[in-house]
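Remarks on the structure that follows.
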Amino acid sequence: MTSTNHTSIFSPVQLGPLTLRNRIIKAATFEGMAIDNMVTDALVDFHKAFAEGRIGMTTLAYCAVSPDGQGAPNEIVVREDAVPGLRYFVDAMHNLDVAASMQLGHAGPVGMGIGGRAISASKVFSKSRFKNTSPATEDELLRVINDFEHAAALAAKSGFDCLELHFGHGYLISNFLSPKLNKRKDGWGGSLENRARLARTIAKRVKSVVPDTMAVIAKINLDDGVKKGFKVDECVEVARMLESDGTLDALELTGGSSFENPMYFFRGDVPVHEMAEIFPKGIMRTGFKLTAKKFMPYYPFEEAYFLEQAQKVRAAVDMPLILLGGINNVETIELALREGFDFVAMGRALLREPDLVKKWEAGIAAEGQCIHCNKCMPSIYQGTHCFLVPHEERPGHGKWPPPVAKKVGIND
Ligand SMILES: Cc1cc2nc3c(=O)[nH]c(=O)nc-3n(C[C@H](O)[C@H](O)[C@H](O)COP(=O)(O)O)c2cc1C
(Lines give C-alpha, C1' and ligand atoms only; values in the text may rest on other atoms or scores of the structure.)
Protein backbone atom coordinates (compact mmCIF):
# COMPACT_ATOMS: atom_id res chain seq x y z
CA MET A 1 0.00 0.00 0.00
CA THR A 2 1.43 3.37 -1.00
CA SER A 3 1.02 6.42 1.15
CA THR A 4 -0.71 9.43 -0.32
CA ASN A 5 -1.28 13.04 0.51
CA HIS A 6 -3.14 16.08 -0.72
CA THR A 7 -0.48 16.67 -3.38
CA SER A 8 -1.26 13.48 -5.26
CA ILE A 9 -5.01 14.21 -5.14
CA PHE A 10 -4.58 17.68 -6.61
CA SER A 11 -1.72 17.01 -9.02
CA PRO A 12 -2.20 16.41 -12.76
CA VAL A 13 -2.79 12.78 -13.60
CA GLN A 14 -3.21 10.60 -16.72
CA LEU A 15 -6.54 9.02 -17.62
CA GLY A 16 -5.65 7.02 -20.71
CA PRO A 17 -4.51 9.63 -23.24
CA LEU A 18 -5.79 12.56 -21.15
CA THR A 19 -4.11 14.63 -18.51
CA LEU A 20 -6.63 15.68 -15.87
CA ARG A 21 -5.99 18.55 -13.48
CA ASN A 22 -6.64 16.26 -10.52
CA ARG A 23 -8.19 12.94 -9.56
CA ILE A 24 -11.70 14.16 -8.85
CA ILE A 25 -14.41 13.53 -11.44
CA LYS A 26 -17.87 15.05 -11.22
CA ALA A 27 -20.13 11.97 -11.42
CA ALA A 28 -23.07 12.04 -13.81
CA THR A 29 -26.07 13.58 -12.06
CA PHE A 30 -28.73 13.86 -14.71
CA GLU A 31 -29.47 17.55 -15.17
CA GLY A 32 -32.88 17.54 -16.89
CA MET A 33 -31.90 20.77 -18.63
CA ALA A 34 -31.97 19.86 -22.31
CA ILE A 35 -34.74 21.20 -24.51
CA ASP A 36 -35.77 19.10 -27.50
CA ASN A 37 -32.83 16.88 -26.49
CA MET A 38 -30.31 19.68 -27.14
CA VAL A 39 -27.76 21.55 -25.01
CA THR A 40 -29.06 24.72 -23.31
CA ASP A 41 -27.28 27.61 -21.59
CA ALA A 42 -28.62 26.32 -18.27
CA LEU A 43 -26.96 22.95 -18.86
CA VAL A 44 -23.64 24.64 -19.66
CA ASP A 45 -23.89 26.92 -16.61
CA PHE A 46 -24.71 23.92 -14.41
CA HIS A 47 -21.40 22.30 -15.35
CA LYS A 48 -19.45 25.55 -15.25
CA ALA A 49 -20.18 25.71 -11.51
CA PHE A 50 -18.32 22.42 -10.93
CA ALA A 51 -15.56 23.36 -13.36
CA GLU A 52 -15.04 26.64 -11.50
CA GLY A 53 -14.97 24.53 -8.34
CA ARG A 54 -11.77 22.92 -9.72
CA ILE A 55 -12.76 19.33 -10.38
CA GLY A 56 -10.60 17.42 -12.88
CA MET A 57 -13.33 16.32 -15.29
CA THR A 58 -17.08 16.82 -15.50
CA THR A 59 -19.56 14.30 -16.85
CA LEU A 60 -22.41 15.41 -19.06
CA ALA A 61 -24.92 13.04 -17.54
CA TYR A 62 -26.90 10.43 -19.29
CA CYS A 63 -27.04 11.09 -23.02
CA ALA A 64 -29.13 8.63 -25.02
CA VAL A 65 -27.73 6.93 -28.11
CA SER A 66 -31.20 6.95 -29.69
CA PRO A 67 -34.65 8.39 -28.96
CA ASP A 68 -35.91 5.05 -27.57
CA GLY A 69 -32.90 4.90 -25.25
CA GLN A 70 -34.00 7.99 -23.28
CA GLY A 71 -34.54 7.48 -19.56
CA ALA A 72 -36.26 10.77 -18.69
CA PRO A 73 -37.54 13.99 -20.22
CA ASN A 74 -35.16 16.83 -21.13
CA GLU A 75 -32.28 14.52 -21.95
CA ILE A 76 -29.68 14.86 -24.71
CA VAL A 77 -30.17 12.46 -27.61
CA VAL A 78 -26.85 12.28 -29.43
CA ARG A 79 -27.40 13.07 -33.11
CA GLU A 80 -25.92 15.30 -35.79
CA ASP A 81 -27.99 18.41 -35.04
CA ALA A 82 -27.01 18.26 -31.35
CA VAL A 83 -23.31 18.64 -32.26
CA PRO A 84 -23.07 22.48 -32.27
CA GLY A 85 -24.54 22.63 -28.77
CA LEU A 86 -22.31 19.82 -27.56
CA ARG A 87 -19.28 21.58 -28.98
CA TYR A 88 -20.33 24.78 -27.19
CA PHE A 89 -20.56 22.75 -23.96
CA VAL A 90 -17.07 21.28 -24.41
CA ASP A 91 -15.54 24.68 -25.23
CA ALA A 92 -17.02 26.15 -22.06
CA MET A 93 -15.41 23.37 -19.97
CA HIS A 94 -12.06 23.69 -21.74
CA ASN A 95 -12.07 27.44 -21.12
CA LEU A 96 -12.15 26.56 -17.42
CA ASP A 97 -9.36 24.00 -17.79
CA VAL A 98 -11.63 21.04 -17.10
CA ALA A 99 -12.00 17.92 -19.23
CA ALA A 100 -15.43 17.02 -20.58
CA SER A 101 -16.82 13.50 -20.48
CA MET A 102 -20.11 12.38 -21.97
CA GLN A 103 -22.06 9.55 -20.40
CA LEU A 104 -23.58 7.49 -23.18
CA GLY A 105 -26.27 4.90 -22.72
CA HIS A 106 -29.44 3.14 -23.69
CA ALA A 107 -31.97 3.04 -20.86
CA GLY A 108 -33.56 -0.21 -22.06
CA PRO A 109 -36.19 -1.32 -19.54
CA VAL A 110 -35.92 1.93 -17.58
CA GLY A 111 -36.39 3.94 -20.74
CA MET A 112 -39.18 5.74 -22.42
CA GLY A 113 -39.07 3.27 -25.33
CA ILE A 114 -40.91 3.82 -28.56
CA GLY A 115 -44.58 3.05 -29.10
CA GLY A 116 -44.74 1.64 -25.59
CA ARG A 117 -41.89 -0.80 -26.33
CA ALA A 118 -39.00 -0.58 -23.83
CA ILE A 119 -36.41 -3.19 -24.78
CA SER A 120 -34.67 -5.51 -22.34
CA ALA A 121 -32.93 -8.88 -22.40
CA SER A 122 -36.08 -10.85 -21.49
CA LYS A 123 -39.73 -10.10 -20.81
CA VAL A 124 -40.16 -8.84 -17.26
CA PHE A 125 -42.70 -6.69 -15.41
CA SER A 126 -41.55 -3.10 -14.97
CA LYS A 127 -42.67 -1.61 -11.63
CA SER A 128 -42.07 1.93 -12.85
CA ARG A 129 -43.97 1.53 -16.14
CA PHE A 130 -46.61 -0.88 -14.74
CA LYS A 131 -46.22 -3.14 -17.77
CA ASN A 132 -43.96 -5.80 -19.27
CA THR A 133 -40.73 -4.94 -21.04
CA SER A 134 -40.03 -6.26 -24.55
CA PRO A 135 -37.14 -8.65 -25.26
CA ALA A 136 -34.82 -7.07 -27.84
CA THR A 137 -34.61 -8.83 -31.18
CA GLU A 138 -31.23 -9.59 -32.75
CA ASP A 139 -31.79 -6.72 -35.21
CA GLU A 140 -32.58 -4.32 -32.36
CA LEU A 141 -29.36 -5.27 -30.57
CA LEU A 142 -27.32 -4.72 -33.71
CA ARG A 143 -29.06 -1.36 -34.11
CA VAL A 144 -28.22 -0.41 -30.49
CA ILE A 145 -24.55 -1.31 -31.06
CA ASN A 146 -24.50 0.81 -34.23
CA ASP A 147 -26.17 3.65 -32.32
CA PHE A 148 -23.43 3.56 -29.67
CA GLU A 149 -20.79 3.68 -32.40
CA HIS A 150 -22.52 6.55 -34.20
CA ALA A 151 -23.05 8.54 -30.98
CA ALA A 152 -19.42 7.99 -29.96
CA ALA A 153 -18.24 9.37 -33.29
CA LEU A 154 -20.47 12.43 -32.80
CA ALA A 155 -19.14 12.93 -29.27
CA ALA A 156 -15.61 12.87 -30.69
CA LYS A 157 -16.65 15.33 -33.41
CA SER A 158 -18.01 17.60 -30.64
CA GLY A 159 -14.59 17.61 -28.97
CA PHE A 160 -15.34 15.54 -25.85
CA ASP A 161 -12.23 14.30 -24.06
CA CYS A 162 -13.83 11.18 -22.66
CA LEU A 163 -16.80 8.87 -23.14
CA GLU A 164 -18.36 7.07 -20.22
CA LEU A 165 -20.36 4.03 -21.33
CA HIS A 166 -23.26 3.35 -19.01
CA PHE A 167 -23.16 -0.36 -18.16
CA GLY A 168 -24.85 0.00 -14.75
CA HIS A 169 -28.04 0.84 -12.85
CA GLY A 170 -30.37 -1.64 -14.57
CA TYR A 171 -30.17 0.17 -17.91
CA LEU A 172 -29.98 -1.91 -21.08
CA ILE A 173 -26.42 -3.23 -20.85
CA SER A 174 -26.72 -3.82 -17.10
CA ASN A 175 -30.00 -5.65 -17.72
CA PHE A 176 -28.16 -8.03 -20.07
CA LEU A 177 -25.46 -8.65 -17.43
CA SER A 178 -28.03 -9.74 -14.85
CA PRO A 179 -28.50 -13.51 -14.39
CA LYS A 180 -31.92 -12.71 -12.92
CA LEU A 181 -33.22 -10.56 -15.76
CA ASN A 182 -31.41 -12.07 -18.74
CA LYS A 183 -33.04 -15.44 -19.45
CA ARG A 184 -32.15 -15.53 -23.14
CA LYS A 185 -31.24 -18.78 -24.78
CA ASP A 186 -29.27 -17.18 -27.65
CA GLY A 187 -25.70 -15.90 -27.76
CA TRP A 188 -26.63 -12.86 -25.63
CA GLY A 189 -27.78 -14.81 -22.58
CA GLY A 190 -26.94 -17.75 -20.33
CA SER A 191 -23.23 -17.85 -19.46
CA LEU A 192 -21.53 -14.75 -18.05
CA GLU A 193 -19.48 -14.63 -21.25
CA ASN A 194 -22.72 -14.33 -23.24
CA ARG A 195 -24.34 -11.84 -20.86
CA ALA A 196 -21.24 -9.66 -21.06
CA ARG A 197 -21.17 -9.82 -24.88
CA LEU A 198 -23.25 -6.68 -25.36
CA ALA A 199 -21.02 -4.61 -23.04
CA ARG A 200 -17.83 -5.91 -24.65
CA THR A 201 -19.09 -5.48 -28.22
CA ILE A 202 -20.19 -1.91 -27.51
CA ALA A 203 -16.86 -1.04 -25.87
CA LYS A 204 -14.96 -2.51 -28.85
CA ARG A 205 -17.05 -0.72 -31.45
CA VAL A 206 -16.85 2.59 -29.58
CA LYS A 207 -13.09 2.27 -29.16
CA SER A 208 -12.75 1.57 -32.90
CA VAL A 209 -14.35 4.87 -33.93
CA VAL A 210 -12.97 7.38 -31.44
CA PRO A 211 -9.57 9.04 -31.89
CA ASP A 212 -6.60 7.88 -29.80
CA THR A 213 -6.73 11.19 -27.98
CA MET A 214 -10.10 10.34 -26.42
CA ALA A 215 -10.46 8.30 -23.24
CA VAL A 216 -13.18 5.64 -22.99
CA ILE A 217 -14.39 4.49 -19.58
CA ALA A 218 -17.41 2.49 -18.38
CA LYS A 219 -19.63 2.69 -15.32
CA ILE A 220 -20.52 -0.82 -14.19
CA ASN A 221 -22.36 -2.37 -11.26
CA LEU A 222 -20.52 -4.16 -8.49
CA ASP A 223 -23.85 -5.54 -7.31
CA ASP A 224 -27.41 -4.90 -8.54
CA GLY A 225 -28.59 -4.98 -4.92
CA VAL A 226 -31.23 -7.64 -5.62
CA LYS A 227 -31.45 -11.35 -4.92
CA LYS A 228 -30.09 -13.44 -7.79
CA GLY A 229 -28.90 -10.28 -9.56
CA PHE A 230 -25.43 -9.41 -10.84
CA LYS A 231 -22.99 -9.69 -7.94
CA VAL A 232 -19.43 -8.62 -7.24
CA ASP A 233 -17.88 -11.99 -8.17
CA GLU A 234 -19.36 -11.66 -11.64
CA CYS A 235 -18.31 -8.00 -11.77
CA VAL A 236 -14.74 -9.12 -11.09
CA GLU A 237 -14.94 -11.53 -14.04
CA VAL A 238 -16.43 -8.92 -16.37
CA ALA A 239 -13.74 -6.43 -15.29
CA ARG A 240 -11.13 -9.05 -16.24
CA MET A 241 -12.78 -9.55 -19.64
CA LEU A 242 -12.92 -5.81 -20.30
CA GLU A 243 -9.33 -5.43 -19.20
CA SER A 244 -8.19 -8.18 -21.55
CA ASP A 245 -10.11 -6.56 -24.43
CA GLY A 246 -8.04 -3.40 -23.89
CA THR A 247 -10.98 -1.21 -24.89
CA LEU A 248 -11.31 0.90 -21.73
CA ASP A 249 -9.08 3.38 -19.95
CA ALA A 250 -10.82 2.96 -16.58
CA LEU A 251 -13.83 1.41 -14.88
CA GLU A 252 -16.11 3.39 -12.58
CA LEU A 253 -17.68 1.12 -9.97
CA THR A 254 -21.29 1.59 -8.96
CA GLY A 255 -24.23 -0.59 -7.96
CA GLY A 256 -28.01 -0.79 -7.68
CA SER A 257 -30.69 -0.46 -10.27
CA SER A 258 -33.11 2.24 -11.35
CA PHE A 259 -35.23 -0.70 -12.53
CA GLU A 260 -35.27 -2.71 -9.31
CA ASN A 261 -33.47 -1.04 -6.41
CA PRO A 262 -32.43 2.61 -6.80
CA MET A 263 -31.62 3.28 -3.14
CA TYR A 264 -28.81 0.74 -3.32
CA PHE A 265 -26.74 3.27 -5.21
CA PHE A 266 -27.77 6.30 -3.16
CA ARG A 267 -28.04 5.20 0.48
CA GLY A 268 -29.50 7.52 3.08
CA ASP A 269 -33.03 8.95 3.35
CA VAL A 270 -35.73 7.74 0.96
CA PRO A 271 -37.53 10.78 -0.52
CA VAL A 272 -40.88 9.00 -0.91
CA HIS A 273 -43.01 12.13 -0.71
CA GLU A 274 -40.97 14.04 -3.30
CA MET A 275 -40.78 11.01 -5.61
CA ALA A 276 -44.54 10.48 -5.40
CA GLU A 277 -45.09 14.06 -6.62
CA ILE A 278 -43.56 13.05 -9.95
CA PHE A 279 -46.55 10.85 -10.69
CA PRO A 280 -49.88 12.35 -11.75
CA LYS A 281 -52.41 12.55 -8.91
CA GLY A 282 -54.56 9.44 -8.69
CA ILE A 283 -53.89 5.76 -9.14
CA MET A 284 -50.24 6.15 -10.28
CA ARG A 285 -49.27 8.31 -7.29
CA THR A 286 -51.14 6.13 -4.81
CA GLY A 287 -49.66 3.00 -6.39
CA PHE A 288 -46.17 4.43 -6.03
CA LYS A 289 -46.71 5.34 -2.36
CA LEU A 290 -48.02 1.84 -1.59
CA THR A 291 -45.09 0.08 -3.24
CA ALA A 292 -42.38 2.63 -2.37
CA LYS A 293 -41.13 0.84 0.74
CA LYS A 294 -40.55 -2.34 -1.25
CA PHE A 295 -39.16 -0.67 -4.38
CA MET A 296 -37.04 1.79 -2.42
CA PRO A 297 -35.83 0.14 0.77
CA TYR A 298 -33.74 2.21 3.20
CA TYR A 299 -29.98 1.67 3.34
CA PRO A 300 -28.05 3.65 5.93
CA PHE A 301 -25.52 6.06 4.47
CA GLU A 302 -21.86 5.28 5.02
CA GLU A 303 -18.86 7.15 3.71
CA ALA A 304 -17.46 5.31 0.62
CA TYR A 305 -20.16 2.65 0.80
CA PHE A 306 -18.91 0.71 -2.26
CA LEU A 307 -15.32 0.49 -1.02
CA GLU A 308 -15.41 -3.08 0.26
CA GLN A 309 -16.90 -4.51 -2.94
CA ALA A 310 -14.70 -2.30 -5.11
CA GLN A 311 -11.61 -3.66 -3.35
CA LYS A 312 -12.41 -7.09 -4.84
CA VAL A 313 -12.20 -5.64 -8.34
CA ARG A 314 -9.07 -3.73 -7.35
CA ALA A 315 -7.42 -6.99 -6.33
CA ALA A 316 -8.32 -8.65 -9.64
CA VAL A 317 -7.34 -6.16 -12.35
CA ASP A 318 -4.54 -3.70 -13.03
CA MET A 319 -6.57 -1.22 -15.06
CA PRO A 320 -7.35 2.18 -13.52
CA LEU A 321 -10.43 2.23 -11.28
CA ILE A 322 -12.70 5.05 -10.19
CA LEU A 323 -14.24 4.76 -6.74
CA LEU A 324 -17.73 6.24 -6.39
CA GLY A 325 -20.47 6.34 -3.79
CA GLY A 326 -20.65 8.48 -0.67
CA ILE A 327 -17.40 10.38 -0.99
CA ASN A 328 -17.70 13.56 1.04
CA ASN A 329 -14.34 14.03 2.70
CA VAL A 330 -10.83 14.58 1.50
CA GLU A 331 -9.71 11.87 3.95
CA THR A 332 -11.93 9.41 2.08
CA ILE A 333 -10.18 10.31 -1.16
CA GLU A 334 -6.83 9.77 0.52
CA LEU A 335 -8.08 6.38 1.69
CA ALA A 336 -9.28 5.51 -1.83
CA LEU A 337 -5.89 6.35 -3.30
CA ARG A 338 -4.10 4.37 -0.59
CA GLU A 339 -6.33 1.42 -1.44
CA GLY A 340 -5.12 1.60 -5.02
CA PHE A 341 -7.98 3.46 -6.70
CA ASP A 342 -6.82 5.97 -9.26
CA PHE A 343 -9.72 8.46 -9.25
CA VAL A 344 -12.86 9.24 -7.32
CA ALA A 345 -16.20 10.34 -8.72
CA MET A 346 -18.52 12.53 -6.68
CA GLY A 347 -22.18 13.39 -7.27
CA ARG A 348 -24.32 14.67 -4.40
CA ALA A 349 -21.51 16.25 -2.38
CA LEU A 350 -20.80 18.52 -5.36
CA LEU A 351 -24.49 19.30 -5.96
CA ARG A 352 -24.50 20.52 -2.37
CA GLU A 353 -21.20 22.42 -2.70
CA PRO A 354 -19.99 22.88 -6.28
CA ASP A 355 -16.80 24.51 -4.96
CA LEU A 356 -15.96 21.75 -2.45
CA VAL A 357 -12.80 20.65 -4.28
CA LYS A 358 -11.56 24.24 -4.47
CA LYS A 359 -12.05 24.54 -0.71
CA TRP A 360 -10.16 21.30 -0.11
CA GLU A 361 -7.35 22.39 -2.36
CA ALA A 362 -7.07 25.57 -0.32
CA GLY A 363 -7.06 23.49 2.86
CA ILE A 364 -10.54 24.61 4.01
CA ALA A 365 -13.57 22.59 5.17
CA ALA A 366 -12.64 18.92 5.04
CA GLU A 367 -16.19 17.70 5.62
CA GLY A 368 -18.74 17.97 2.79
CA GLN A 369 -22.16 19.28 3.79
CA CYS A 370 -24.43 16.89 1.85
CA ILE A 371 -26.87 15.28 4.30
CA HIS A 372 -27.97 12.47 1.92
CA CYS A 373 -31.62 13.52 2.12
CA ASN A 374 -31.73 12.46 -1.54
CA LYS A 375 -34.28 15.09 -2.42
CA CYS A 376 -32.00 15.87 -5.34
CA MET A 377 -33.13 12.56 -6.92
CA PRO A 378 -36.62 13.71 -7.96
CA SER A 379 -35.32 17.22 -8.65
CA ILE A 380 -34.21 15.95 -12.08
CA TYR A 381 -37.74 16.80 -13.23
CA GLN A 382 -37.32 20.49 -12.31
CA GLY A 383 -33.69 21.05 -13.31
CA THR A 384 -31.45 19.11 -10.93
CA HIS A 385 -30.53 20.85 -7.69
CA CYS A 386 -29.82 20.44 -4.02
CA PHE A 387 -32.72 21.66 -1.86
CA LEU A 388 -30.31 23.07 0.71
CA VAL A 389 -28.77 25.46 -1.80
CA PRO A 390 -30.68 28.76 -2.09
CA HIS A 391 -32.51 29.06 -5.39
CA GLU A 392 -30.36 31.84 -6.80
CA GLU A 393 -27.14 29.92 -6.05
CA ARG A 394 -28.15 26.68 -7.77
CA PRO A 395 -25.93 25.79 -10.74
CA GLY A 396 -27.70 26.62 -13.99
CA HIS A 397 -30.80 27.90 -12.26
CA GLY A 398 -30.66 31.53 -13.33
CA LYS A 399 -31.41 30.10 -16.76
CA TRP A 400 -33.76 27.22 -15.91
CA PRO A 401 -36.52 26.97 -16.79
CA PRO A 402 -35.87 29.37 -19.66
CA PRO A 403 -38.64 31.90 -20.37
CA VAL A 404 -38.55 30.91 -24.06
CA ALA A 405 -37.27 27.54 -25.23
CA LYS A 406 -33.68 28.25 -26.24
CA LYS A 407 -31.30 25.60 -27.46
CA VAL A 408 -27.66 26.34 -27.97
CA GLY A 409 -26.54 25.98 -31.57
CA ILE A 410 -30.05 26.31 -32.96
CA ASN A 411 -31.47 29.63 -31.76
CA ASP A 412 -28.04 31.22 -31.22
C1 LIG B 1 -29.81 13.88 -9.09
C2 LIG B 1 -28.99 12.69 -9.49
C3 LIG B 1 -28.98 12.30 -10.82
C4 LIG B 1 -28.20 11.20 -11.22
N5 LIG B 1 -28.12 10.88 -12.55
C6 LIG B 1 -27.27 9.90 -12.96
C7 LIG B 1 -27.07 9.64 -14.33
O8 LIG B 1 -27.59 10.33 -15.21
N9 LIG B 1 -26.24 8.62 -14.65
C10 LIG B 1 -25.62 7.86 -13.72
O11 LIG B 1 -24.88 6.94 -14.05
N12 LIG B 1 -25.78 8.10 -12.41
C13 LIG B 1 -26.57 9.11 -12.01
N14 LIG B 1 -26.68 9.39 -10.68
C15 LIG B 1 -25.91 8.61 -9.71
C16 LIG B 1 -24.56 9.27 -9.41
O17 LIG B 1 -23.75 9.31 -10.56
C18 LIG B 1 -23.82 8.50 -8.33
O19 LIG B 1 -23.61 7.19 -8.83
C20 LIG B 1 -24.57 8.44 -7.01
O21 LIG B 1 -25.15 9.69 -6.71
C22 LIG B 1 -23.63 8.05 -5.86
O23 LIG B 1 -22.56 8.93 -5.78
P24 LIG B 1 -22.52 10.11 -4.66
O25 LIG B 1 -22.61 9.46 -3.32
O26 LIG B 1 -21.20 10.80 -4.88
O27 LIG B 1 -23.69 11.00 -4.91
C28 LIG B 1 -27.45 10.48 -10.25
C29 LIG B 1 -27.46 10.90 -8.93
C30 LIG B 1 -28.21 12.00 -8.54
C31 LIG B 1 -28.18 12.43 -7.12
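By accessible area, using a 1.4 Å probe on protein heavy atoms only, the chain has 53% of its surface on carbon and sulfur. Taking the average, over residues, of other Cβ atoms within 10 Å as the packing measure, peptides 186-198, 278-290 rank 186-198, 278-290 from highest down.
For the chain, relative contact order (Cα pairs under 8 Å, six or more residues apart, normalised by length) works out to 19 percent. Counting heavy atoms of the protein chains alone, Ser126 has an accessible area of about 0 Å² for a 1.4 Å probe.
Here the gap between Glu334 and Asp139, fully extended at 0.36 nm per residue and compared with their Cα-Cα distance, gives a gain of 65.5 nm. Annotation: extensible slack from Ile364 through Lys281 equals 25.3 nm (criterion: 0.36 nm per residue apart, minus Cα-Cα distance). Straight-line reach from Lys227: taking Cα to Cα under 13 Å and skipping same-chain neighbours fewer than 8 places apart, the aspartates and glutamates in range are Glu260.
Projecting the Cα positions of Ala49, Val65, Ser191 onto the charge dipole of the chain (unit charges on Cβ atoms of Lys, Arg, Asp and Glu, taken about the Cα centre) puts Ser191 furthest along the positive direction. Peptides 239-246, 149-156 ranked from most to least packed give 149-156, 239-246, packing being the mean of other C-beta atoms within 10 angstrom over each peptide's residues. Per-peptide packing, taken as the mean over residues of other Cβ atoms within 10 Å, places 362-369, 306-313 in the sequence 306-313, 362-369 from highest down. Taken along the Cα-to-beta-carbon direction at a fixed 7 Å, the label points for Glu303 and Ser11 span 2.4 nm.
The listed residues Asp45, Asp318 rank as Asp318, Asp45 when sorted by accessible area, largest first, using a 1.4 Å probe. Between segment 88-156 and segment 300-337, the alpha-carbon centres lie 26 Å apart.
Structural descriptor for segment 87-137: relative contact order 23 percent, calculated from alpha carbon pairs under 8 angstrom and at least 6 residues apart.
With 24 Å as the limit, the listed pairs Lys180/Lys293; Lys180/Lys294; Lys289/Lys375; Lys207/Lys358; Lys180/Lys289 have Lys207/Lys358; Lys180/Lys289 beyond it between alpha carbons. Taking Phe343, Phe387, Phe266 in turn, the Gaussian network model of the chain (Cα-Cα springs below 10 Å) assigns the largest fluctuation to Phe387. If the segment from Lys185 to Ser244 were pulled out straight at 0.36 nm per residue, it would be longer than the present Cα-Cα gap by 18.7 nm. Secondary structure note: in the chain, about 20% of the DSSP beta bridges are antiparallel.
Using the Cβ-Cβ distance between Asp318 and Asn194 with R0 = 25 Å, the FRET efficiency computed as 1/(1 + (r/R0)^6) comes to roughly 0.50. In the context of the full set of protein chains, residues of segment 189-279 present 35 Å² of accessible surface per residue (probe radius 1.4 Å, heavy atoms only).
The values are calculated or read from the model by the stated rules, or taken from the named source; none is laboratory data. Keep in mind it's a predicted model, so treat the numbers as computed, not measured. For neighbour counting, all protein chains shown are included, and Cβ atoms are generated from backbone atoms with ideal geometry for every residue, glycine included. Just the protein is used for accessible areas: all its heavy atoms, side chains included, with ligands, DNA and RNA removed. Shrake-Rupley method; radii C 1.70, N 1.55, O 1.52, S 1.80 Å.
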